[in-house]
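What follows draws every value from the coordinates through simple rules; no lab data is involved. Note that this is a predicted model, so its numbers are computed, not measured. Methodologically, a virtual Cβ is constructed for each residue, glycine included, from the backbone with ideal geometry; neighbour enumeration extends over all protein chains shown.
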Amino acid sequence: MAPDGHLEALAKVVLNNLENQHDWTEAQMHTPANLPRPMIYGLPPKRLYVHPDEQIAIIKAEKNRSERIPQTPEFEWVLPTHLAEKWSPAQFAAVFDAIDAIPPGGSSEDDSDSAGPEDVDAQWKLWRGSKRGKRLLLATVQDDSTVSYYFMFDGLVKPRQN
Amino acid sequence: MASSAGAANRQVRISRIGGRYLVFDIDDVVHIRRHHGMCAILVGTMPQNPTQSIFLGLPIELYAEEAKLLVDKKAAYIADDATDHLSQLKTMDSSARKAYFQSLKAQRKAAQRIFEDSREKARARHAHKVLKGKPEPAEPSAEADDTLFSSKPSASPSVVLEPLKSPAVTPTTSNLLIPFSPSDTTPIQGPPTYPLYAFLNARGYYITPGLRFGGDYSVYPGDPFRYHAHYLANCYGWDQKIPMLDLTTSGRLGTAVKKGFLFGAEKPVADAADAEPDTTGKNVRVFCMEWAGM
C-alpha cells in the first residue's frame with residue numbers, strides 16, 4: 001500500500017492520540033471494503049454518546065427499578081482526516097455506506113427477541129443494538145498534532161441537550 | 001378559515017414584485033403557516049413612516065425556495081403583475097376587446113347618470129333660491145358649474161338642458177381588461193439550497209433564515225413560537241469539496257449555541273428530466289455533527 005502510506009500514517013497519528021491522550025482501549029485500524037482509507041474503531045474509557053431518546057428510556061427504566069443503570073462504554077468508529085483535506089458529501093456518504101452501525105469489536109446488547117415493546121426495562125437496550133444509527137467520530141488532525149473530534153451522524157439525529 | 005377539504009386545495013396567491021415573493025392575504029398567511037410549515041417574514045410598513053421590525057405587518061415575504069416549494073406542490077400560483085399585464089394585453093382577441101369597450105361604455109353611462117343627478121339637485125336648489133327672490137349672489141357659481149359640463153352656457157337656470165355627451169372616464173383598474181387566471185403555476189427557479197429546504201419541510205421542520213446561528217437555515221422541530229431550533233443547516237453540492245475547517249467550525253458553533261450542525265446535499269440522479277418536481281427532497285442525504293466532548 002505504498003500510495004496510501006500517508007493515509008496509514010494519518011490513521012496512526014489518530015490512533016496514538018486516542019490511546020495515549022484519551023485512554024482508549026482495543027483501538028485498531030480497520031479498512032472497510034470499498035473504502036480507500038483506513039478507519040479506526042475502539043473502546044473509549046467512558047460512554048461518549050447517549051441519544052436524547054435513549055436518555056429518556058434510561059430514566060424510565062431507572063425509575064422502574066429504582067437504581068442507576070451503569071453506562072458502560074460502547075465501541076465507536078473513528079474517521080481520520082487532515083485539516084488540509086476537503087471532503088464532499090458524496091465521500092461522507094460512501095464512508096457511511098461502507099460501515100455497520102456497530103463496529104466489529106462491539107456487540108449488540110439488544111435482547112429484543114425476548115422482550116416485548118412494553119417492557120420499559122428493555123427499551124434503553126435497543127439503543128445499543130437495533131436502534132443505534134450509524135455514527136462516527138470525525139478526527140481532524142492539524143500539523144501540530146492537535147486532533148479534534150466531532151461526532152457525525154448519518155441522517156437527521158436530534159442534538160443532545162448539552 | 002375554510003374547511004380542511006377546502007384548505008387542501010387552497011391556492012395561495014404569491015405576488016412577485018421587484019423579484020420578491022409577497023403574500024398579502026391574511027388567510028393565505030395563516031394557511032401556509034398551518035398547512036405548509038412556512039413562517040416567512042413580515043415586511044409591511046408605511047413608507048413615509050417606517051416602523052421597528054417587530055411592528056411590521058402584512059405583506060409577508062417568502063424566500064424563493066418557499067415560493068418554489070408552494071408552486072411545485074401546486075398549492076400556490078405566482079402573480080407577476082408587471083409581465084402578466086403586458087403579455088395578456090398583447091394576446092387579447094377581438095371579442096375580449098369588444099367586451100372591454102362595452103364595459104367602458106357602461107361605466108360612462110353610469111357616470112353620466114350620476115352627473116345628471118347632481119345637476120338636477122343643483123338646479124332644484126337654485127330654483128328654490130330664485131323663488132325666494134335673491135338670485136344675484138348664487139348666479140356666478142351656478143354659471144361656472146354649468147359651463148363645465150355643457151357645450152354652451154345656459155342663459156337661465158330654468159332653461160331645459162339638452163342631453164349631455166357622455167363624460168370621459170379614466171379607468172382606475174384593469175381587472176375588466178385581463179381575465180383572472182390562477183392556473184399559472186409555472187415552476188420558478190430556486191436557490192441552490194432548495195433541495196435541503198424541501199427535504200426538511202417535507203419532514204415537518206420549520207425553517208427560518210440561518211444568519212443568527214451562522215448557517216444557511218435555522219431548523220425548528222415545530223413552530224418557532226413553541227420550539228428552539230434543533231439545527232443550523234448548510235446545503236452543499238453532492239461533489240462540492242468542503243474544507244475540513246468549515247465543518248469543524250460549524251460543528252463547534254452549533255454545539256456552542258446548543259444545536260446540531262446539519263449539512264446535506266442532493267444526490268444527482270440519472271433521469272433528472274422527469275416531469276414531476278421533487279417536493280420531498282427524496283435524493284437528499286443529510287449528516288449531523290456535534291462536538292464529541294473530547
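Conditions tested, residue by residue: (1) out of contact with any Leu (no Cβ under 6 Å at 6 or more places or on another chain); (2) within 21 Å of B:Gly19 (Cβ to Cβ); (3) among the small types (Gly, Ala, Ser).
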site	(1), (2), (3)
B:Glu61	no, yes, no
B:Glu66	yes, yes, no
B:Ala75	yes, no, yes
B:Asp81	yes, yes, no
B:Lys90	yes, no, no
B:Lys105	yes, no, no
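Taken over the range A:56-84, the criterion of being surrounded by 15 or more Cβ atoms within 10 Å (Cβ to Cβ) and of a type outside the set (A, V, I, L, M) is satisfied by A:Glu62, A:Pro73, A:Glu74, A:Phe75, A:Glu76, A:Trp77, A:Pro80, A:Thr81, A:His82. Contact map, the range B:247-270: first residue aliphatic (A, V, I, L, M), second residue part of a helix (DSSP H, G or I), Cβ cut-off under 7 Å, separation 6 or more or different chains; pairs are B:Val257/B:Phe213; B:Ala265/A:Pro89. When the range B:233-264 is filtered for residues that are under 19 Å from B:Glu290 (Cβ atoms), facing another protein chain (nearest Cβ under 9 Å) and of a type in the set (Gly, Ala, Ser), the ones remaining, listed by number, are B:Gly251, B:Gly254, B:Gly260, B:Gly264. Of the residues making up the range A:56-92, those that are under 26 Å from B:Thr193 (Cβ atoms) and of a type in the set (S, T, N, Q) are A:Thr81, A:Ser88, A:Gln91. Considering only the range A:128-148, I want to know if a residue exists there that is more than 29 Å from A:Leu10 (Cα to Cα), in a helix (DSSP H, G or I), away from every other protein chain (no Cβ under 14 Å) and of a type outside the set (Gly, Ala, Ser). No: zero hits.
Put simply, of A:Ala57, A:Ala94, A:Ala61, A:Ala84 the only residue that is in a helix (DSSP H, G or I), among the small types (Gly, Ala, Ser) and within 14 Å of chain B (Cβ to nearest Cβ) is A:Ala94.
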